[in-house]
1. Ranked from highest to lowest mean number of other Cβ atoms within 10 Å per residue, what is the order of the peptides 60-70, 35-45?
2. Roughly how tilted is helix 165-176, in degrees to the nearest 10 and between 0 and 90, from the longest Cα axis of the chain?
3. For a test of the definition: using alpha carbon positions, the gyration tensor, and the 1.5 limit on a/c, classify segment 47-179 as rounded, prolate or oblate.
4. In nm, give the distance between the simple-model label positions of GLN137 and GLU8, each being 7 Å from the Cα along the Cα-to-Cβ direction.
5. First measure r as the distance between the Cβ atoms of TRP146 and ARG54, then evaluate 1/(1 + (r/R0)^6) with R0 = 22 Å and state the FRET efficiency to the nearest 0.05.
6. So how long is each side of segment 106-146 along the principal axes, counting just the alpha-carbon atoms, biggest first, in Å?
7. Using only helices, what value at 222 nm comes out for the chain when you add -39,500 (n - 2.57) per DSSP H run of length 4 or more and divide by the total residues, to the nearest 500 deg cm²/dmol?
8. Modelling each spin label as a point 7 Å along the Cα-to-Cβ direction, I'd like the HIS155/ARG82 distance in nm, to one decimal.
Amino acid sequence: MGEGAGAERIAVYDAQGRVTGAADRATVYREGLWHASAGVLVRSGDGRRVYVHRRTDSKLVFAGLHDCLAGGVVGPGETPARTAERELAEELGIVLAGGVGAQPAARVSWDGRWRGAPMRCHLFAYAVRWDGPIRHQPEEVADGWWWTDAELRAHLADPAWPFVPDTRLLVDDLLRTPS
């Protein structure tokens, strides 16, 4: 994420999950405004493994933490589904074609804190199956690997394991949802 990332415009939501406008990312984060993000859980074609990655240390939010969703914030006029597919292509190089889209899998609203400041986000999660190549965007993804659900759950059982907090809230729903 470059220097201008804080100036990027993103959609602003209310606490009920309705779009109310737009603001620059820096303002949203500084003032703890409700916003939305969308991410995609990538399962292997046989459904037995999920793709887990570690975010780069340069990310504005949740830097260096692990996640099982490739995703990002919803832009003005963008649907969460469109955001999810755009971010999947940007972060992991996975482009869904031929009418195959990411399927809705779970949703959560997180009213938490990040680095001492309020962070309020509606997270829309989707799922796909993929056996093709994965290409990390170097500014976003430091490393990635395939794990079984059991391996991911074993790491998540440790509350100190550095994992993105809003994703942590809905991992159980994601792992229960067939994709």
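The values are calculated or read from the model by the stated rules, or taken from the named source; none is laboratory data. Everything numeric in this text was worked out from a predicted model, so none of it was measured. Positions of Cβ are generated from backbone atoms using ideal geometry, with glycine treated the same way; all protein chains shown enter the neighbour counts. The protein model used for the area step is the full one, side chains on, heavy atoms only, and it has no ligands, DNA or RNA in it. Shrake-Rupley method; radii C 1.70, N 1.55, O 1.52, S 1.80 Å.
1. Ranked from most to least packed, the peptides come out as 35-45, 60-70.
2. So the helix axis and the longest Cα principal axis differ by about 40 degrees.
3. It comes out rounded by the Cα gyration axes.
4. The modelled label-to-label distance comes out at 0.6 nm.
5. The calculated FRET efficiency here is 0.95.
6. The Cα atoms of segment 106-146 stretch 37, 24, 15 Å along their principal axes.
7. Counting only the DSSP helices, I get -6500 deg cm²/dmol.
8. Label-label distance for HIS155 and ARG82, simple model: 3.2 nm.
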